[in-house]
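Step one of this worksheet: look at the structure below.
Read-outs: derived from the displayed coordinates by stated rules, not from any lab. These numbers come from a predicted model, not from an experiment. Counting neighbours? That spans all protein chains shown, and the Cβs are built from the backbone with ideal geometry, glycine included.
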Protein chains: 2
Amino acid sequence: MTEKKQSRGIVSSDQWAAQVAALGETPRATRARREPLTVERIVDAALRIVEAEGFDALTMRRVAAELHATQGALYSHVRDKAELDDLMVGKLCSQVTLPEPDADRWMDQARDVCRQLRDQYLRYPGIWRATVARAPHSLDTLRINEGLLAILVAGGVSLRSAAWAVDAAFLYIGAYSVVAPRRTTERGPDGSPAARDEVVERLRMLPPDLFPITVASVEVVNSGEGHDRFDYTLGLLFGGLTARIGGPTS
Amino acid sequence: MTEKKQSRGIVSSDQWAAQVAALGETPRATRARREPLTVERIVDAALRIVEAEGFDALTMRRVAAELHATQGALYSHVRDKAELDDLMVGKLCSQVTLPEPDADRWMDQARDVCRQLRDQYLRYPGIWRATVARAPHSLDTLRINEGLLAILVAGGVSLRSAAWAVDAAFLYIGAYSVVAPRRTTERGPDGSPAARDEVVERLRMLPPDLFPITVASVEVVNSGEGHDRFDYTLGLLFGGLTARIGGPTS
DNA sequence: TTTAGTGATTGAACGCTGTTTAGTTCGCTG
DNA sequence: CAGCGAACTAAACAGCGTTCAATCACTAAA
């Protein structure tokens with residue numbers, strides 16, 4: 001009980017981080033010590049971290065440091081890390097805009113929603129694992145589900161087909177956005193090639209006699225730039241629905 | 001440096017576990033203290049744990065305890081936990097049998113392989129996350145990829161369409177098997193209903209005016225028993241290939 | 001048989017994670 | 001101004017993957 005509030009001799013790394021962070025701030029005249037900690041500020045900070053450093057870098061300590069607070073303070077606003085994950089996914093989903101269902105353009109509308117969701121997942125690398133870890137409690141995820149269902153049903157797809165297709169699409173989108181951005185982060189030292197897919201790299205140096213088709217497909221799979229593969233799969237999922245409502249080529 | 005090898009006064013929990021486990025064993029006359037630790041025994045033990053307790057329960061300490069060894073001993077046979085994960089997935093994939101491609105039955109064959117892989121994933125709950133965490137190094141996963149590609153190509157599907165469809169199928173299978181078994185483990189106290197899906201439970205108690213289609217779809221989605229939803233999605237993915245057998249851009 | 005050597009194994013530690021808690025501080029209300 | 005309740009701090013806890021010097025069991029050479 002001797003050294004409680006001295007300015008020097010700081011031991012705790014949390015204290016240190018807070019002090020360093022407070023260097024560029026105005027003293028604020030003692031009242032309202034800082035911006036009060038809120039759930040929204042916590043979720044925003046967490047999303048900022050995931051966007052910049054990936055989902056693995058998201059720890060409670062890291063979030064607390066981002067907010068110049070201690071980790072314990074977070075638990076006054078958020079029950080778990082699981083709840084924080086859930087809130088992040090919710091905020092992410094809330095940024096997806098849903099169109100008014102148009103029966104004539106239902107497939108384009110559905111694809112657009114899926115692309116939006118994919119881009120949100122890709123923006124925060126690895127965050128889909130937050131959805132996998134625990135069943136989402138957020139209403140925002142249900143909002144997208146409802147919107148996508150509405151588009152399909154408006155397009156004439158039966159309720160059961162729509163529900164199953166939407167479910168499959170969500171699963172595919174999530175898995176795609178977790179696995180897809182697996183690239184070598186380091187730019188090539190020679191400059192030009194750079195950012196090749198890690199899996200493709202390993203597939204290249206593979207005995208072609210053992211896996212002939214796989215090796216042959218490596219080049220052709222990568223032929224599609226950007227998200228052609230993604231669009232193709234959505235075409236299969238949603239295109240298969242039209243084949244059974246109004247005839248094969250309606 | 002006083003108390004090194006006394007039989008009583010064991011402090012370390014590892015020692016304790018090893019001692020308890022050794023109670024039912026024959027002394028073995030000092031040589032070959034136990035079955036020697038091998039990679040295969042480690043992988044088998046790990047799979048046993050995942051099968052019984054799920055992927056979250058798989059820790060190096062848990063594996064070591066299962067083998068009556070210390071955790072450090074594992075690292076003489078396995079570099080990382082990541083490598084152990086990889087070996088587990090490899091062993092899992094090696095149990096999938098691939099048929100000789102038959103052009104007339106290619107779709108049934110493809111569906112069968114996918115079902116096998118799904119069942120393997122479902123047998124070890126959550127193990128697909130091991131695939132997600134790091135790109136798989138195992139050749140057994142490539143074997144399935146090659147086999148499935150061979151089936152599609154033999155069926156007349158173009159190389160690019162086949163590669164994309166197989167990729168989509170693998171992503172879907174993995175996501176399906178991670179998300180699907182999310183059920184309330186506890187059987188209903190009244191006996192009969194039991195083992196309802198956790199997500200469905202929460203969807204039931206949802207304001208129908210906010211999410212009318214979602215709520216309406218809950219019943220009809222669950223109408224399919226077993227893995228009807230899974231088969232339906234595979235039908236969409238592979239069925240869409242026959243519709244444009246010449247390739248996606250033909 | 002003795003000896004040197006080699007690789008597996010041990011026990012204990014390190015740094016990291018999420019989470020809890022006693023005690024302090026702060027801002028608002030009576 | 002007093003007091004109360006909520007927010008916050010600092011420190012711990014158990015568990016995770018991983019590392020490492022010391023020790024052990026066994027093999028191969030002398």
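A few remarks follow.
- Exam field: A:Asp228 pseudo-label spacings to other copies (7 Å along Cα-Cβ), nanometres: 3.8
- With each label modelled as a point 7 angstrom along the Cα→C-beta vector, the B:Asp102-A:Tyr75 pair spans 6.1 nm.
- When only alpha carbons are used to place a centre, the range B:148-174 and the range B:41-91 end up 32 Å from one another.
- Near A:Ile49, once Lys and Arg are set to +1 and Asp and Glu to -1 for all other residues with Cβ below 12 Å from its Cβ, the sum equals -2.
- Inter-copy separations for A:Ala52, label at 7 Å along Cα-Cβ, nm, ascending: 4.5
- Note: relative contact order over the range B:47-154, using C-alpha pairs below 8 Å and six or more positions apart, is 37 percent.
- Vicinal HN-Hα couplings computed from phi for the range A:109-122 (Karplus, 6.51 cos²θ - 1.76 cosθ + 1.60; Hz; Gly/Pro x): 4, 4, 5, 5, 4, 4, 5, 4, 4, 4, 5, 5, 4, 5
- Here the extension length gained between A:Val200 and A:Val220 equals 6.1 nm, from 0.36 nm per residue of separation less the Cα-Cα distance.
- Over the range A:106-178, the alpha carbon radius of gyration divided by the compact-protein estimate 2.2 N^0.38 Å works out to 1.09.
- Estimated FRET transfer efficiency (A:Arg134, B:Gln95; beta-carbon r; R0 25 Å; 0.05): 0.30
- Within straight-line cross-link reach of A:Lys91, aspartates and glutamates at Cα separation under 16 Å, skipping those fewer than 8 residues along the same chain: A:Glu40, A:Asp44, A:Glu51, A:Glu83, A:Asp119, A:Asp140
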